[in-house]
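The values are calculated or read from the model by the stated rules, or taken from the named source; none is laboratory data. Keep in mind that this is a model prediction, so the values were computed, not measured. Here the Cβ positions follow ideal geometry from the backbone for every residue, glycine too, while neighbour counts run over all protein chains shown. Keep in mind that these areas ignore ligands, DNA and RNA; they rest on the heavy atoms of the full protein, side chains included. Shrake-Rupley method; radii C 1.70, N 1.55, O 1.52, S 1.80 Å.
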Amino acid sequence: MTRYSIFSLARNALAHRPNWARAWRSPDPRPAYDVVIVGGGGHGLATAYYLAKEHGVSNIAVLEKGWLGGGNTGRNTTVIRSNYLWDESAHLYEKALQLYEGLSQELNFNIMLSQRGVLNLVHNEHDLKEMSRRVRAIRLNGIDSEMLDRQAVKAEIPVINISPQVRYPILGASIQRRGGVARHDAVAWGFARAADARGVDIVQNCEVTGIDVANGRVRGLQTSRGAIAAKQVGLVAAGHSSVLAAMAGLRLPIDSHPLQALVSEPIKPVLDTVVMSNTVHVYLSQSDKGELVIGAGIDGYNSYAQRGSFQIIESQMGALLELFPSFSRLRMLRQWGGIVDVCPDASPIVGKTPVEGLYLNCGWGTGGFKATPGSGWAFAHTIAQDRPHALNAPFTLERFGTGALIDEHGAAAVAH
Amino acid sequence: MLLISCPWCGQRDESEFTCGGEAHIQRPPDPDALSDPEWADYLFMRTNPKGRHRERWCHTHGCGRWFNVERHTLTHDIISVYRMGEGPADDGDGDPS
Ligand SMILES: Cc1cc2nc3c(=O)[nH]c(=O)nc-3n(C[C@H](O)[C@H](O)[C@H](O)COP(=O)(O)OP(=O)(O)OC[C@H]3O[C@@H](n4cnc5c(N)ncnc54)[C@H](O)[C@@H]3O)c2cc1C
Ligand SMILES: [Zn+2]
């Protein structure tokens with residue numbers, strides 16, 4: 001692997017014929033691996049990378065039915081933060097944020113992390129009290145978090161409407177200044193390139209169609225490119241988690257829903273932070289290209305169609321204009337949807353399954369991009385040691401039987 | 001947007017309805033006999049198929065009544081609509097699903 005640096009950039013910029021090597025190989029799958037990861041999104045690729053790097057596992061494949069990052073990793077609105085209420089979530093998402101802070105160096109790939117701050121707006125007295133409590137709980141976990149009053153919100157975001165003459169006036173906000181955004185594709189590509197350099201086979205256009213289980217142990221996989229034997233298998237398939245689990249005879253507490261986002265035409269810099277509002281139900285940031293990147297909630301029904309309903313966009317736009325009336329003449333450029341896997345407690349499942357050698361990483365729902373490196377790091381540990389790390393130990397499938405749910409509905413960026 | 005035929009009101013826009021999730025989940029007849037994993041299955045585990053799905057819908061902003069819909073989760077085609085307590089129309093393949 002050629003290291004990217006100012007010198008390699010200069011050399012190729014000046015060369016008559018730039019000579020950039022492919023960032024990763026495109027191998028045919030071998031008949032057997034020690035570990036097979038199903039799903040080439042950020043979480044799957046990060047898992048493979050940390051398995052190779054932290055645990056010395058060398059014989060690994062990542063199987064992806066489409067292209068790398070073509071699932072939710074390449075469809076999300078890239079908001080990163082770690083201001084979660086419960087200790088379990090706070091520790092896991094904070095680990096992820098800390099890994100993100102060093103990730104461009106670690107992977108030698110610019111993931112364009114921009115810690116521009118994330119604001120959660122407050123629109124009524126109840127939310128104000130709830131938010132103050134939340135901010136304090138988060139600080140007790142050593143995670144940066146502050147309250148802003150109405151004027152301070154206006155100072156952060158001059159273009160926002162803080163008039164009291166609206167249906168949901170802005171009373172204040174919480175802010176995590178270390179939060180922000182990153183380039184989603186770069187996260188997938190960076191992990192892919194670094195994993196490939198450590199010998200991981202990344203196989204695209206390879207759909208898993210069956211899971212072989214004998215005597216309670218996983219033996220391998222049936223795929224569109226033939227059978228592949230595996231000692232251990234990690235399922236990291238986001239929107240398709242239930243479909244894959246069913247191949248091994250497992251039922252999950254998950255419903256798959258469409259989640260949409262859209263971007264406006266590019267405009268001059270107007271917003272240098274991320275703004276979210278649970279109450280009016282919209283969130284946005286401005287991309288480096290100048291587009292406003294706008295997200296909201298899921299469609300209410302189960303779907304695998306990677307598209308959402310028009311009325312969701314309509315209410316999302318209504319909410320946007322409530323906060324930013326000056327955006328009313330903006331044209332929207334494109335819209336898309338992903339399929340998110342939602343758990344009843346809005347927390348993920350990262351751990352073992354009743355099938356020996358089969359591990360599950362799913363249920364990140366509407367908010368797993370921010371967790372990508374932490375999720376991969378903890379899941380790699382779980383597979384390598386055959387037991388969860390302390391960070392993901394609470395996020396078992398069994399918690400739905402014991403009742404130890406981790407209710408993070410309130411932590412969702414908008415009420416998904 | 002889906003067009004849904006309420007069994008009482010006829011065809012209306014999806015925005016008048018609320019989806020209540022998977023249908024035909026029976027409350028356990030003898031709750032005291034259930035183990036924790038069995039409770040978990042009843043309360044939380046869902047089929048979530050990629051394909052035909054039977055679900056409950058409520059005509060929230062209309063007559064307010066609940067009914068069942070069989071819908072394809074990839075094409076969003078509505079295959080049948082039937083009242084509470086009824087089964088879906090037999091599709092003739094001898095298989096109830
Ligand atoms: C519109 C939208 C906005 C979002 N915004 C945010 C945000 O701002 N911040 C945030 O933190 N999170 C956000 N999320 C959530 C986030 O995108 C996901 O939680 C996260 O990307 C999940 O990563 P993953 O690697 O697990 O899944 P994915 O990237 O979806 O990867 C799973 C992969 O598995 C593959 N796969 C499926 N079935 C098979 C099979 N049978 N065989 C082989 N491969 C298979 C898929 O093709 C896919 O590439 C958003 C999601 C959406 C849709
Ligand atoms: Zn009706």
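In summary, A:V118 fulfils each of the numbered conditions (1) surrounded by 20 or more Cβ atoms within 10 Å (Cβ to Cβ); (2) within 29 Å of A:M1 (Cα to Cα) with the single exception of condition (2).
Is it the case that A:N76 is outside any helix (DSSP H, G or I) and open to solvent by 40 Å² or more (accessible area, probe 1.4 Å)? Judged against the criteria, A:N76 is not a match. Do we find a residue being within 14 Å of ligand 1 (Cβ to nearest atom), assigned to a loop (DSSP other than H, G, I, E, B) and not polar (S, T, N, Q) anywhere in the range A:214-227? The answer is yes, given that some residue of the range A:214-227 is within 14 Å of ligand 1 (Cβ to nearest atom), assigned to a loop (DSSP other than H, G, I, E, B) and not polar (S, T, N, Q).
Taking the criterion of being more than 19 Å from B:E86 (Cβ to Cβ), out of contact with any Pro (no Cβ under 8 Å at 6 or more places or on another chain) and of a type in the set (K, R), would at least one residue in the range B:4-16 satisfy it? Looking for residues that are more than 19 Å from B:E86 (Cβ to Cβ), out of contact with any Pro (no Cβ under 8 Å at 6 or more places or on another chain) and of a type in the set (K, R), one finds at least one in the range B:4-16, hence yes. Report yes if some residue within the range A:30-42 is more than 9 Å from ligand 1 (Cβ to nearest atom) and either within 14 Å of chain B (Cβ to nearest Cβ) or among the polar types (S, T, N, Q) (or both); otherwise report no. For the range A:30-42, residues more than 9 Å from ligand 1 (Cβ to nearest atom) and either within 14 Å of chain B (Cβ to nearest Cβ) or among the polar types (S, T, N, Q) (or both): absent. Against the test of being away from every other protein chain (no Cβ under 14 Å), within 13 Å of ligand 1 (Cβ to nearest atom) and either among the β-branched types (V, I, T) or surrounded by fewer than 20 Cβ atoms within 10 Å (Cβ to Cβ) (or both), the options A:W336, A:W364 yield a single qualifying residue, A:W336.
If you filter the range B:49-77 down to residues that are touching a Leu at 6+ places or on another chain (Cβ under 7 Å) and touching a residue at least 24 places away in the same chain (Cβ under 8 Å), you find that the one that is most open to solvent (accessible area, probe 1.4 Å) is B:K50. Is it the case that A:F310 is within 14 Å of chain B (Cβ to nearest Cβ) and surrounded by fewer than 20 Cβ atoms within 10 Å (Cβ to Cβ)? It is true that A:F310 is within 14 Å of chain B (Cβ to nearest Cβ) and surrounded by fewer than 20 Cβ atoms within 10 Å (Cβ to Cβ). Restricting attention to the range A:260-291 and to residues that are of a type in the set (D, E, K, R) and more than 14 Å from A:E156 (Cβ to Cβ), the residue that is farthest from ligand 1 (Cβ to nearest atom) turns out to be A:K268. Any residue at all in the range B:20-37 that is within 16 Å of ligand 2 (Cβ to nearest atom) and either out of contact with any helix residue (DSSP H, G or I) (no Cβ under 7 Å at 6 or more places or on another chain) or at pLDDT below 95 (or both)? Yes, the range B:20-37 contains a residue that is within 16 Å of ligand 2 (Cβ to nearest atom) and either out of contact with any helix residue (DSSP H, G or I) (no Cβ under 7 Å at 6 or more places or on another chain) or at pLDDT below 95 (or both). When every residue of the range B:22-32 is checked against the conditions, at least one turns out to be more than 9 Å from chain A (Cβ to nearest Cβ), within 13 Å of the chain's Cα centre (by Cα) and crowded, with 16+ Cβ neighbours inside 10 Å. Applying the condition of being within 7 Å of chain A (Cβ to nearest Cβ) and within 16 Å of ligand 2 (Cβ to nearest atom) to the range B:1-19 and asking which residue is least open to solvent (accessible area, probe 1.4 Å) yields B:E14.
So in the range A:251-272, with the set limited to residues that are assigned to a loop (DSSP other than H, G, I, E, B) and open to solvent by less than 20 Å² (accessible area, probe 1.4 Å), which one is farthest from the other protein chains (Cβ to nearest Cβ)? Talk me through it step by step, then tell me what you get.
Step one: filter the range A:251-272 for residues assigned to a loop (DSSP other than H, G, I, E, B), giving A:251, A:253-254, A:265-272.
With open to solvent by less than 20 Å² (accessible area, probe 1.4 Å) added as a condition, the list becomes A:253-254, A:271.
Values: A:P253: 4, A:I254: 6, A:L271: 30 Å.
If we take residues in the range A:251-272 being assigned to a loop (DSSP other than H, G, I, E, B) and open to solvent by less than 20 Å² (accessible area, probe 1.4 Å), then A:L271 is farthest from the other protein chains (Cβ to nearest Cβ).
Pairing each residue of the range A:372-389 that is without any contact (Cβ under 8 Å) to a residue 60 or more places away in the chain with any residue that is assigned to a helix (DSSP H, G or I), provided the two are 6+ apart or on different chains, yields C-beta distances under 7 Å for A:P388/A:T382; A:H389/A:A378; A:H389/A:H381; A:H389/A:T382.
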